[in-house]
């Protein structure tokens, strides 16, 4: 299993310069669940070296991950499921039902999501963000 810190760095390297990818990577990292699960990282994340500079890069197969989640092949809490769907939508444009997905997200994850939305829109998150 690749350590979560290495995966986080590789995700950041891959996303660099693309607001939505950066936002999704930071949300996935900050959420703190999925990069610690071998059934997610081993199945849906591909690591490789960048051609230009040799840095480690990580790519997530979002359609496959969300298909597995929908088919109950990634057992998790409803909150973890909601967050993964939101991250996939930010990262790869995978449609998400906000009416269902935003229901019952706890305060910590709402704050993380708000930061991600600001980042994805090209606005740096405010330090005053609750």
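Quick notes
- Checking each residue in region 114-125 for being in a helix (DSSP H, G or I) and touching a helix residue (DSSP H, G or I) at 6+ places or on another chain (Cβ under 6 Å) picks out 116, 119, 120.
- Residue 27 being free of Cβ contacts under 8 Å to residues at least 60 places away in the same chain, surrounded by 13 or more Cβ atoms within 10 Å (Cβ to Cβ) and either assigned to a loop (DSSP other than H, G, I, E, B) or within 13 Å of the chain's Cα centre (by Cα) (or both): no
- Single match in 32, 42 (criterion: without any contact (Cβ under 8 Å) to a residue 24 or more places away in the chain and either out of contact with any helix residue (DSSP H, G or I) (no Cβ under 8 Å at 6 or more places or on another chain) or more than 26 Å from residue 122 (Cα to Cα) (or both)): 32
- Reported count of residues in region 70-107, each being surrounded by fewer than 12 Cβ atoms within 10 Å (Cβ to Cβ), touching a helix residue (DSSP H, G or I) at 6+ places or on another chain (Cβ under 9 Å) and more than 18 Å from residue 40 (Cβ to Cβ), is 8.
- Residue match in region 46-61 (condition: out of contact with any strand residue (DSSP E or B) (no Cβ under 6 Å at 6 or more places or on another chain), in a helix (DSSP H, G or I), at pLDDT 95 or above and surrounded by 14 or more Cβ atoms within 10 Å (Cβ to Cβ)): no
- For residue 64, the stated conditions hold: it is without any contact (Cβ under 8 Å) to a residue 24 or more places away in the chain and either surrounded by 18 or more Cβ atoms within 10 Å (Cβ to Cβ) or in contact with a helix residue (DSSP H, G or I) (Cβ under 8 Å, 6 or more places away or on another chain) (or both).
The values are calculated or read from the model by the stated rules, or taken from the named source; none is laboratory data. What you see is a predicted model, and the numbers here were worked out from it, not measured in a lab. FYI the Cβ positions are ideal-geometry reconstructions off the backbone, even for glycines, and counts take in every protein chain you see.
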